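First the structure, in the form of structure tokens, and then the observations on it.
The values are calculated or read from the model by the stated rules, or taken from the named source; none is laboratory data. Values in this document were obtained by computation on a predicted structure and should not be read as measured data. Reconstructed Cβ throughout: ideal geometry from the backbone, glycine too, with neighbour counts over all protein chains shown.
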């Protein structure tokens, strides 16, 4: 089947493996659908896609309809290359990526409302692995549905660059949420020890805010509540609205407005009643309207609290000035967040993360203000503070352990193939470099075996890609079983595998390994459906020497031998050429 592409499709973006990241916006076009469409219906309709010349043009604010993006990509490398198509904004309900090739298309799903098990990649953002054959050109169609603001900037990144960036983002997110968790626990302990409600109000404010930010950033749905599905966006509205209500209660307690400013006390009490009504409404009204109410409520709450703090500062209420400073910073971040959601401000690093930066500074300052506010109770709090410090250290250690475990998991993900568990290209380069250094130092040959499966495509065509994936997994297990303890196995891409052999003392060893590979891989494989299939394998071998001492040299030689072997097998299979 060939695909008819709209005449307005965007120009082709050529991807080179030497460049780690490409912004896809400038090479994309977009169109807002008036009703849900399938890809086939879209292609048949051939709508007028509009070119997106810069990033702000892919910031659409709150829209009811689905948005379609299209991009043409070309692999400038003669070899297969894998890219990660990444949508930078994590708060998108459904993102479907269609990859149109010459004869077929691939479909992948992701988004904050999609269960983690059904996403193309288990990640807080919408991320789609995309493997392009050498010189291949494909057309991408992305269908985006979101109840919240649509910020559709996306890019293609090499896996190494993607996981490096992911590690950096996870570090800062873990630090940020660790700080929120520590502050919440700290003030909860102060409440339990001192029985002062202001600490409880602050803790509840932190809880509501953390709940919303966790969901908004995709971390909450990734780790805790992906089962919410379509209700994920509603949880953001609930969290922020609850935080607005608790912020007014905290301000009344902290500034003691009942004593120093009865007028503002009544105003904040009335507004808090409005917050509870809005909170009840966002549970039942349409999600997009709930998010709009959340933006308006949060903006008004921040403004009212700032004005109340300024008035109390003028009246010389204790710690009011520090309150004003803290809330001014938070108000700025909240205002930027709300105005960006409503598409009044462009989407960039500051507008996307302003509320997190502002909230981190604001909560730290408010914590200092609370300590100053109740310094006169120091003699009552000494024991509680000692216990709190111990608890915080324990929490910090737990957070560090979690970060370390997450880092190890990400390192494995960066170096191993997700389907087979073998080394991926990145892991292969690392292991081969180390092995070659040992080989040159100890003057012991080092061998590379390239294995390419034969008759694999008919299995995919007849039994489906799931059966093909099962065959690849079985071949990987067989290669690992054959390999010695000092050997390394890798999936090079598609149905190609690499085996690295160190310490080749006898040529006979290499020959025996190759024979075992051919015999073992060629053994019948029983599919989950019960069918028995056979795949063959073409093997190419290269041995390190003074003139053949880099991974590129070894791969080139093994590739040449492997294709020579495949040609001989093809000749025998079809009955031409020499026997």
Legend entry - Which listed residue, of 130, 100, is under 19 Å from the mean Cα position of the chain (by Cα) and either surrounded by fewer than 24 Cβ atoms within 10 Å (Cβ to Cβ) or touching a residue at least 40 places away in the same chain (Cβ under 8 Å) (or both): 130
Inset, instruction - Among what's in the range 401-417 and is free of Cβ contacts under 8 Å to residues at least 12 places away in the same chain and surrounded by fewer than 13 Cβ atoms within 10 Å (Cβ to Cβ), pick the residue that is farthest from residue 160 (Cα to Cα). - result: 401
Inset, instruction - Just one of (1) over 30 Å from residue 417 (Cβ atoms); (2) assigned to a strand (DSSP E or B) trips up residue 97, so point out which. - result: (1)
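To keep it simple, each residue is scored yes or no on (1) modelled with pLDDT of 90 or more; (2) touching a strand residue (DSSP E or B) at 6+ places or on another chain (Cβ under 9 Å).
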| position | (1), (2) |
| --- | --- |
| 500 | yes, yes |
| 523 | yes, no |
| 532 | yes, yes |
| 537 | yes, yes |
| 543 | no, yes |
Legend entry - Of the criteria (1) assigned to a helix (DSSP H, G or I); (2) surrounded by 16 or more Cβ atoms within 10 Å (Cβ to Cβ); (3) at pLDDT 90 or above, which one residue 57 fails: (3)
Legend entry - Matching helices (runs of 4 or more DSSP H) fully within the range 194-276 where at least 2 residues are closer than 17 Å to residue 366 by Cα and modelled with pLDDT of 90 or more: 197-216, 232-255
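Per-residue answers, yes or no, for (1) closer than 25 Å to residue 567 by Cβ; (2) assigned to a helix (DSSP H, G or I); (3) modelled with pLDDT under 90:
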residue: 414; (1), (2), (3): no, yes, yes
residue: 420; (1), (2), (3): no, no, yes
residue: 431; (1), (2), (3): no, yes, yes
residue: 434; (1), (2), (3): no, yes, yes
residue: 437; (1), (2), (3): no, yes, yes
residue: 441; (1), (2), (3): no, yes, yes
residue: 445; (1), (2), (3): no, no, yes
residue: 449; (1), (2), (3): yes, no, no
residue: 468; (1), (2), (3): yes, yes, no
Inset, instruction - Exactly one condition in (1) outside any helix (DSSP H, G or I); (2) in contact (Cβ under 8 Å) with a residue 40 or more places away in the chain; (3) surrounded by fewer than 17 Cβ atoms within 10 Å (Cβ to Cβ) is not met by residue 504; state its number. - result: (3)
Inset, instruction - Kindly provide the set of residues from the range 451-466 that are assigned to a helix (DSSP H, G or I), in contact with a strand residue (DSSP E or B) (Cβ under 7 Å, 6 or more places away or on another chain) and surrounded by fewer than 17 Cβ atoms within 10 Å (Cβ to Cβ), ordered by number. - result: none
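Name the single residue that is nearest to residue 437 (Cα to Cα) among those in the range 541-558 being under 37 Å from the mean Cα position of the chain (by Cα) and surrounded by 18 or more Cβ atoms within 10 Å (Cβ to Cβ).
Residues of the range 541-558 under 37 Å from the mean Cα position of the chain (by Cα): 550-556, 558.
Of the ones still in play, those that are also surrounded by 18 or more Cβ atoms within 10 Å (Cβ to Cβ) are 551, 554-555, 558.
Working: 551: 11, 554: 14, 555: 16, 558: 19 Å.
So the residue we want is 551.
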Inset, instruction - Name every residue in the range 507-540 that is surrounded by 12 or more Cβ atoms within 10 Å (Cβ to Cβ), touching a residue at least 40 places away in the same chain (Cβ under 8 Å) and not in a strand (DSSP E or B), in order of residue number. - result: 510, 513, 514, 517, 520, 521, 527, 531, 534, 535
Inset, instruction - Would you point out which residue out of 90, 48, 78 is part of a loop (DSSP other than H, G, I, E, B) and touching a helix residue (DSSP H, G or I) at 6+ places or on another chain (Cβ under 9 Å)? - result: 90
Legend entry - Matching option when the condition is without any contact (Cβ under 8 Å) to a residue 40 or more places away in the chain, within 18 Å of residue 517 (Cβ to Cβ) and crowded, with 18+ Cβ neighbours inside 10 Å, among 447, 483: 483
